[in-house]
Amino acid sequence: MTEIPDAILIAGPTASGKSVFAIEQAEKYNGTIINADSMQVYPILRVITARPNEADLAKVPHLLYGHASLEKAYSVAQWVRDAKIALDEVLLAGRTPIFVGGTGLYFKALSEGLAAIPEIPGEIRQFWRDKSGEVDVSSLYATLQEKDPSAAKALKPNDRQRILRALEVKQATGRSIVEYQAQNQPPILKMANIKKYLILPDRAILHRRIESRFDKMLDNGALDEVKALGKMDVFSDHPVLKAIGVPQLTNYLQKVVTLDEARIRCKAATRQYAKRQSTWFRNQLGEDWEQIDKII
């Protein structure tokens with residue numbers, strides 16, 4: 001008899017077949033799927049963010065999809081709180097929790113805990129993201145060495161995302177991110193028998209999947225989603241406005257580019273994002289993750 005795991009984690013880059021694999025595991029182990037993707041938490045852009053469709057939702061229970069408010073950005077800390085509630089609900093029902101998504105920090109928080117960092121004001125986050133677009137990573141690292149030597153010592157000089165995070169925390173709180181990390185909240189997954197899968201398909205296969213998937217997104221209403229989003233009162237630096245496909249198709253709607261040009265740019269942006277995700281997962285997830293190349 002196959003042993004039923006206490007929980008299953010499924011991570012991987014966009015378009016790698018995570019959702020289909022998660023449904024297979026849910027059907028096999030009487031599971032409930034819990035979203036671990038930061039773009040799929042919002043109640044819009046179902047097509048562009050590749051949220052499960054109605055047929056998928058009818059097969060097995062899904063939680064934390066499209067539940068977050070659009071009034072503000074949804075933080076990792078908020079996801080952890082919601083994930084703990086979802087996890088308790090799934091376990092109480094006697095089902096297997098299956099976390100699936102492409103947001104690496106969610107998985108790190110699940111298994112390693114979360115630093116108790118206060119929420120960073122949007123204007124500070126935006127300041128450093130704007131600065132990141134103006135200077136190279138070596139300049140950012142030099143700034144961090146000056147403002148927060150202990151954080152700089154703990155980071156690699158080319159780790160742009162973590163350098164930006166350390167800078168914004170230092171500016172917003174006056175304290176080093178290292179201090180907060182020493183006060184980590186405990187992980188919410190404490191079971192011993194956890195199956196961890198990292199899906200990393202062959203790059204050429206993944207690229208072909210990305211190409212065909214975006215064409216299907218256009219056929220299935222992606223452009224209408226972007227039109228609807230443009231009519232909504234969403235603040236200017238909200239993450240949904242930066243979802244892959246939104247800036248590019250907005251440019252088409254504003255007649256800045258042709259639809260073919262927008263399509264090409266969307267596919268290129270998706271390939272670049274998948275590469276960044278794959279690199280992060282390879283470097284950040286532990287050896288206890290089983291790497292597979294499954295793609296549907």
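Going residue by residue through region 186-194, is there one that turns out to be loosely packed, with under 12 Cβ neighbours inside 10 Å and of a type in the set (S, T, N, Q)? For region 186-194, residues loosely packed, with under 12 Cβ neighbours inside 10 Å and of a type in the set (S, T, N, Q): present. Residues in region 57-78 that are at pLDDT below 95, outside any loop (DSSP other than H, G, I, E, B) and not small (Gly, Ala, Ser): Val76, Gln78.
When residues in region 105-139 are screened for being among the hydroxyl-bearing types (Ser, Thr, Tyr), outside the structural domain of Asp288 (by TED's automatic domain parsing) and crowded, with 16+ Cβ neighbours inside 10 Å, 1 of them pass.
Here's a check for you: in region 45-56, which residue that is of a type outside the set (Lys, Arg) and assigned to a loop (DSSP other than H, G, I, E, B) is nearest to Ser16 (Cα to Cα)? Top of the filtered list is Ala50. Of the listed requirements (1) assigned to a helix (DSSP H, G or I); (2) closer than 22 Å to Phe281 by Cβ; (3) under 21 Å from the mean Cα position of the chain (by Cα), Ala204 misses just one: (3). Of the helices (runs of 4 or more DSSP H) entirely within region 85-159, those holding at least 3 residues that are closer than 25 Å to Lys72 by Cβ occupy 104-112, 122-134. Thr49 passes every criterion in (1) crowded, with 21+ Cβ neighbours inside 10 Å; (2) in contact with a Gly (Cβ under 8 Å, 6 or more places away or on another chain) apart from (2).
Residues are listed down the side, and each one gets a yes or a no for (1) modelled with pLDDT under 95; (2) of a type in the set (D, E, K, R); (3) under 21 Å from Ser75 (Cα atoms); (4) part of a helix (DSSP H, G or I):
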{"site": "Asp215", "(1), (2), (3), (4)": "no, yes, no, yes"}
{"site": "Leu223", "(1), (2), (3), (4)": "no, no, no, yes"}
{"site": "Val226", "(1), (2), (3), (4)": "no, no, no, yes"}
{"site": "Val234", "(1), (2), (3), (4)": "yes, no, yes, no"}
{"site": "Ile244", "(1), (2), (3), (4)": "no, no, yes, no"}
{"site": "Pro247", "(1), (2), (3), (4)": "no, no, no, yes"}
{"site": "Asn251", "(1), (2), (3), (4)": "no, no, no, yes"}
{"site": "Lys255", "(1), (2), (3), (4)": "no, yes, no, no"}
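Of the residues Gly94, Gly102, which single one is at pLDDT 95 or above and either over 21 Å from Met191 (Cα atoms) or buried (at least 21 other Cβ atoms within 10 Å of the Cβ) (or both)? Checking each option against the conditions leaves just Gly102.
Every condition in (1) surrounded by 14 or more Cβ atoms within 10 Å (Cβ to Cβ); (2) on the phi > 0 side of the Ramachandran plot; (3) without any contact (Cβ under 8 Å) to a residue 12 or more places away in the chain holds for Lys255 except the one numbered (1).
The listed residues are Ala109, Ala50, Ala36, Ala86, and the only one of them that is in contact with a Pro (Cβ under 8 Å, 6 or more places away or on another chain), closer than 30 Å to Asp233 by Cβ and in contact (Cβ under 8 Å) with a residue 12 or more places away in the chain turns out to be Ala86. Within region 233-259, the set of residues being under 22 Å from Ser69 (Cα atoms) and either more than 23 Å from the chain's Cα centre (by Cα) or in the same structural domain as Gln126 (by TED's automatic domain parsing) (or both) comprises just one member, Asp233. Of the residues examined, Val20 is one that is surrounded by fewer than 16 Cβ atoms within 10 Å (Cβ to Cβ), farther than 29 Å from Ile117 by Cα and of a type in the set (Val, Ile, Thr).
The values are calculated or read from the model by the stated rules, or taken from the named source; none is laboratory data. Fair warning: this is a prediction, and the values are worked out from it, not measured in the lab. FYI the Cβ positions are ideal-geometry reconstructions off the backbone, even for glycines, and counts take in every protein chain you see.
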